[in-house]
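Asks: Okay, handing you the structure first.
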Amino acid sequence: MIESFAELMQYRFFTNALLAATLASIACGIIGTYIVSRRIVFISGGITHASFGGIGIGYYYGFNPILGAAVFAVISALGIEMISKKTGVREDSLIGILWSLGMATGIIFVFMSPGYAPDLMGYLFGSILTVSGNDVFQMAILAVVIILFFILFYKPILFIAFDQEYAKTHNYPVQLMNCILITLVALTIVMSIRVAGVILVLSLLTIPQTTANILTRDFRTMIFWSVVFAFAGSITGLLVSFQLDIPSGASIIFSLILLFLAVRISGWTLSRVRLMKQMNGKLPHQRLADKKR
Amino acid sequence: MEKILEIDSVTAGYGDQVVLENVNLAIHEKDFIGIIGPNGGGKTTLLKVIMGVVKPFRGKIRFFTSVEENERRITGYLPQMNNLDRNFPISVTDVVLSGLMSREGFFSLYSGKQKKLAYSILEKMGIYHLRNKPVGELSGGQLQRVYLSRALISSPRLLMLDEPSTFVDTRFETDFYEILRQLNKEMAIIIVSHDVGTITWYVKTIACVNRFLHYHRSNVITQEQLEAYNCPIQLITHGDIPHTVLKKHEKDHD
Ligand SMILES: Nc1ncnc2c1ncn2[C@@H]1O[C@H](COP(=O)(O)OP(=O)(O)O)[C@@H](O)[C@H]1O
Ligand SMILES: [Mg+2]
C-alpha cells in the first residue's frame with residue numbers, strides 16, 4: 001500500500017498536488033501573517049464563506065466554480081472594506097450577513113443544479129489530489145504577485161497595518177492599500193479552497209501564523225516561519241490524505257495543529273530547562289546578582 | 001516670533017456633523033499650547049484638521065513653510081493611545097522609522113542613514129537598548145517614548161501630542177514633561193490634555209476647545225474664565241481651591 005515518494009512523483013496528479021501545496025503555503029504564509037497581525041480573521045472568514053455563493057452559481061451555469069468564487073470573494077471583500085467605513089453599518093454585522101448570504105446562495109444553486117454534484121465535498125473540505133495544471137498555474141501567478149507586492153511595498157504594508165490613523169497623517173494612500181490587500185486576501189482564500197476547502201481554508205491562514213508567532217514577534221520573520229509551517233503542514237497533510245483517502249483539508253489541519261503543539265511544547269520545555277539550569281546550585285542572592293548583570 | 005501656521009475660520013466635522021465651528025488660531029515658533037476641553041469637544045479633530053486628515057467644510061489652514069518643506073513634514077504627531085494594538089509584530093526601530101514615511105519613500109527599504117537617525121533619537125529618549133524589542137514587551141512609559149521618537153524623527157517644527165499622559169505612570173510623567181520642555185526650545189508644541197492641573201505647569205498658553213475655540217494667552221486660568229469660555233472642566237485638583245491652584249504651582253516652580 002505504501003508507495004515510495006519517487007514512485008508517487010511520477011503521477012501527474014501528485015506533482016500537481018505538491019505544487020499546489022507549496023504555492024498555497026507561500027500565499028497563505030504571507031497573507032495570513034497580514035490577516036493575523038491586523039486581526040481581520042473574522043473578515044477573512046466572511047469572505048471565505050461568501051465565496052461559496054460563487055461556487056454554487058458556477059455549478060448551476062456550468063462555468064468554473066473557482067471563477068465564481070473569486071468574483072464573490074473580491075466583491076464581498078471590497079464591500080466590507082468600503083461600505084462599513086462609508087455608511088457606518090457595523091462591520092461585524094455586515095460580515096455576518098455576507099457570510100450567511102454567500103452560503104445560502106451557494107446551497108440554493110447547488111441544489112437547483114441537475115444531477116449529483118460529486119466534487120461538492122471537494123470544494124467544502126478540500127481535494128488537493130484533484131488539482132489541475134490550470135489551477136496550479138493560477139496559484140503560481142497569485143503567489144508571484146503577492147511576493148512582489150510584499151517586497152516592493154513592505155514598509156507601507158507594515159506601517160498601515162500597524163497604525164492606520166497615523167499613516168493617514170502622513171498622507172499615505174491608506175484606503176488604496178487596504179483595498180489592494182483585502183483583494184489579495186480574497187484571491188488567496190479562493191486559490192486555497194482547492195487545497196483546504198471553504199470550511200477549512202481559514203486554518204491555513206491562521207494556524208501556521210500562530211505557530212510562527214511563538215518563535216518571533218517580527219513581521220518579516222513571522223512571514224518566513226508561517227510559510228515554513230504552512231508548507232510542512234500541507235505536505236504532511238497531503239501524504240496522509242493520499243494514504244488514508246480522506247479530504248485533504250482535514251488532514252492538513254491536523255498536521256498544522258500537531259505542528260503547533262510540537263512548537264508550543266518544545267518552546268515551553270526549553271524555557272523550563274533553561275530556568276532549571278540557571279537555578280542549579282546557586283543561592284538566591286547569587287541568582288539575584290546574575291539577573292542584575 | 002515667526003508664524004508656523006494659521007487656522008483661518010475653520011469649520012470642520014464628519015459627514016454632516018459639525019464638530020468645530022469657526023475656529024481661528026495662529027501657531028508661532030516656541031509656542032507651547034495646552035488644549036483642554038470636554039470629551040468629544042473636538043480636540044483630536046482639531047489636530048487632524050491641522051494635519052490635513054480631516055478636511056475643513058469651510059475656512060483654511062495656511063502653512064508658513066519654506067519651499068523645500070512640505071506641509072506634513074513640519075508636524076510631528078503623537079496620537080491618542082486608545083486604539084493601538086500592543087501585540088502587533090513590529091519592533092521599536094520600525095515604529096520610529098514609520099515617522100519618516102511619505103509618498104516619496106514608498107518603495108525602498110530604509111537607508112543606513114535613516115536607521116542611524118532612528119537610533120540617535122532612541123538614544124536621546126533613553127530607550128536605545130530597547131531598539132530591537134517588539135512593542136508588545138514595553139511598559140506604558142517606554143511605549144510613550146517610542147511614539148514620541150516616531151513623532152520627532154522627521155524633525156518637526158510643530159509637535160502635537162494627543163493626551164500623552166493617559167498611559168503613563170506618574171513617575172515617568174515628570175520626566176516626560178521635562179523632555180517636552182527641552183524640545184520646546186527647538187519646536188512649537190501643542191498638547192491635548194484633560195488634566196488641566198498638570199499641564200498648566202508646563203504650557204505657555206491655553207486653548208479651550210468645545211466646538212468653538214477660545215484662546216487664552218496665559219497659563220493661568222480660573223474656573224470663572226473656563227465657564228466664560230464654555231469649557232465645562234473641573235480645575236480642582238488635589239483638593240485645592242480652584243483659582244489658587246495655579247498661583248501655588250507658579251510659586252513652586254520658582
Ligand atoms: N472618525 C470619525 N467619524 C465620525 N465622527 C467622529 C470621528 N471622530 C470623532 N468623531 C466625533 O467628533 C466629535 C469630536 O471628537 P474628538 O475630536 O475625538 O473629541 P475629543 O478629542 O475632544 O474628545 C465626537 O462627537 C465624535 O463622536
Ligand atoms: Mg481626543
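The values are calculated or read from the model by the stated rules, or taken from the named source; none is laboratory data. Not measured: the values here are computed from a predicted model. Virtual Cβ from ideal backbone geometry, glycine too; neighbours counted across all protein chains shown. Calculation scope for accessible area: heavy atoms of the full protein, side chains included, ligands and nucleic acids excluded. Shrake-Rupley method; radii C 1.70, N 1.55, O 1.52, S 1.80 Å.
Asks: Taking a probe of 1.4 Å and counting only protein heavy atoms, give the total accessible area buried between chains B and A in Å², rounded to the nearest 100.
Replies: Result for this pair: about 3000 Å² buried.
Asks: Check which residues have an amide H placed less than 5 Å from residue B:87's amide H, if you skip close sequence neighbours.
Replies: none
Asks: Could you sort A:235, A:182 by their accessible area in this structure, using a 1.4 Å probe and putting the largest first?
Replies: Putting A:235, A:182 in descending order of accessible area: A:235, A:182.
Asks: Still on this structure, I have one more. By accessible area of protein heavy atoms, probe 1.4 Å, what ranking do A:9, B:101 get, highest first?
Replies: Working: A:9 75, B:101 10 Å².
Ranking A:9, B:101 by accessible area, largest first, yields A:9, B:101.
Asks: Where the eigenvalues come from the Cα gyration tensor of segment B:1-103, what are the semi-axes √(5λ) of the equivalent ellipsoid, largest first, in whole Å?
Replies: On the way: eigenvalues 124, 81, 36 Å².
Largest first, segment B:1-103 gives 25, 20, 13 Å.
Asks: Other chains' Cβ within 10 Å of A:155-162 residues: what's the mean?
Replies: Neighbouring Cβ atoms belonging to other protein chains average 6 per residue here.
Asks: Looking at the protein assembly as shown, send over the antiparallel percent of its DSSP beta bridges, to the nearest 5. Show your work: numbers first, answer last.
Replies: Numbers: 19 of 36 bridges.
Close to 55 percent.
Asks: Over the C-alpha atoms of the protein assembly as shown, what are the Rg and the largest Cα-to-Cα span, Dmax, in Å?
Replies: 28.2, 91
Asks: Per residue, how much accessible area does the protein assembly as shown show when a 1.4 Å probe rolls over the protein heavy atoms, in square angstrom?
Replies: Each residue of the protein assembly as shown exposes 47 Å² on average to a 1.4 Å probe.
Asks: In addition: Check which residues have an amide H placed less than 5 Å from residue B:207's amide H, if you skip close sequence neighbours.
Replies: Close amide H contacts, sequence-distant or interchain: B:34, B:35, B:36, B:216.
Asks: Beta carbons within 10 angstrom, averaged per residue: use that to sort the peptides A:200-209, B:85-94, highest first.
Replies: Taking the mean over residues of other Cβ atoms within 10 Å, the ranking is A:200-209, B:85-94.
Asks: Under the Karplus relation 6.51 cos²θ - 1.76 cosθ + 1.60, θ = phi - 60°, what is the ordered set of whole-Hz ³J(HN,Hα) values for segment B:47-56, x standing for Gly and Pro?
Replies: The phi angles translate into 5, 5, 5, 4, 7, x, 6, 9, 7, x Hz.
Asks: Given a Förster radius of 51 Å and the C-beta distance between residue B:195 and residue A:254 as r, what FRET efficiency does 1/(1 + (r/R0)^6) yield to the nearest 0.05?
Replies: Working: r = 54 Å, r/R0 = 1.06.
According to the calculation, E is roughly 0.40.
Asks: Over segment A:170-254, with a single point scatterer placed on each C-alpha, what log10 of the ratio I(q)/I(0) does the Debye formula yield at q = 0.13, 0.14 1/Å?
Replies: Log10 I(q)/I(0), no solvent term: -0.50, -0.57.
Asks: What does the charge add up to near residue B:80, with Lys and Arg as +1, Asp and Glu as -1, over the other residues with Cβ less than 11 Å from its Cβ?
Replies: It works out to a net charge of -1.
Asks: Give me the percent of accessible area attributable to carbon and sulfur for the protein assembly as shown, probe 1.4 angstrom.
Replies: 61 percent
Asks: Would you mind telling me the antiparallel percentage of the DSSP bridges in segment B:3-246, rounded to 5?
Replies: On the way: 19 of 36 bridges.
Looking only at bridges with both residues in segment B:3-246, the antiparallel portion is about 55 percent.
Asks: Take residue A:154 and residue B:22, extend 7 Å from each Cα along the Cα→Cβ direction, and tell me the distance between the two endpoints in nm.
Replies: Each label point is offset 7 Å from its Cα along the Cβ direction, giving 5.4 nm.
Asks: Can you check what the net charge comes to around residue B:8, using other residues whose Cβ is under 9 Å from the Cβ of residue B:8 (Lys, Arg +1; Asp, Glu -1)?
Replies: My count for the surroundings of residue B:8 gives +1.
Asks: For segment A:2-292, place one equal point scatterer on every Cα, skip the solvent, and apply the Debye formula. What is log10 of I(q)/I(0) at q = 0.13 Å⁻¹?
Replies: Results for segment A:2-292 at q = 0.13 Å⁻¹ read -0.90.
Asks: In peptide B:93-100, what is the residue-averaged number of other protein chain Cβ atoms found within 10 Å of each Cβ?
Replies: Rounded to a whole number, the mean comes out at 4.
Asks: Further, regarding this structure: Taking every Cα atom in segment A:85-192, find the radius of gyration and the maximum pairwise distance Dmax, and write them in Å.
Replies: 18.5, 57
Asks: For a quick check: with amide H placed at 1.01 Å from N, whose amide H comes under 5 Å from residue B:139's, ignoring anything fewer than 5 positions away on the same chain?
Replies: Here the answer is none, since no amide H 5 or more places off falls under 5 Å of that of residue B:139.
Asks: Over chain A, what is the relative contact order in whole percent, taking alpha-carbon pairs under 8 Å and six or more residues apart?
Replies: Once normalised by length, the contact order is 28 percent.
Asks: Okay, next question. Could you work out the Kirkwood radius for segment B:3-246, taking every pair of different alpha carbons, averaging 1/r and inverting it, reported in Å?
Replies: So the Kirkwood estimate lands at 18.9 Å.
Asks: Also, I was wondering about something else. Residues of segment A:51-83 with amide nitrogen under 13 Å from the 7 Å Cα-to-Cβ point of residue A:175?
Replies: Counting only backbone N, you get A:81-83.
Asks: Okay, next question. Per residue of segment B:26-43, what does 6.51 cos²θ - 1.76 cosθ + 1.60 with θ = phi - 60° give for ³J(HN,Hα)? Whole Hz please, x for Gly and Pro, Karplus curve as stated.
Replies: Taking θ as phi minus 60°, the curve returns 10, 10, 10, 4, 6, 5, 9, 9, x, 9, 10, x, x, 4, x, x, x, 5 Hz for segment B:26-43.
Asks: Roll a 1.4 Å probe over the protein heavy atoms and report the accessible area of residue B:215 in Å², nearest 10.
Replies: Accessible surface of residue B:215 is approximately 60 Å².
Asks: Now a separate question. Using each residue's phi in segment B:10-24, evaluate 6.51 cos²θ - 1.76 cosθ + 1.60 at θ = phi - 60° and report the 3J(HN,Hα) Karplus result to the nearest Hz, with x for Gly and Pro.
Replies: For segment B:10-24, the Karplus-derived couplings read 8, 10, 8, x, 10, x, 10, 8, 7, 9, 10, 10, 6, 8, 10 Hz, x marking Gly and Pro.
Asks: Select from chain A the helices, each a whole stretch of DSSP H, whose alpha-carbon atoms run 27 Å or more along the helix axis and whose Kyte-Doolittle mean is at least -1.0; answer none if there are none. All intermediate terms of the calculation are to be shown ahead of the outcome.
Replies: On the way: long enough: A:12-38 (38 Å, 1.20); A:41-61 (31 Å, 0.85); A:65-87 (31 Å, 1.30); A:91-112 (32 Å, 1.52); A:133-152 (29 Å, 2.25); A:174-200 (31 Å, 2.16); A:219-244 (36 Å, 1.50); A:248-279 (46 Å, 1.09).
Counting only whole DSSP H runs, the qualifying helices are A:12-38, A:41-61, A:65-87, A:91-112, A:133-152, A:174-200, A:219-244, A:248-279.
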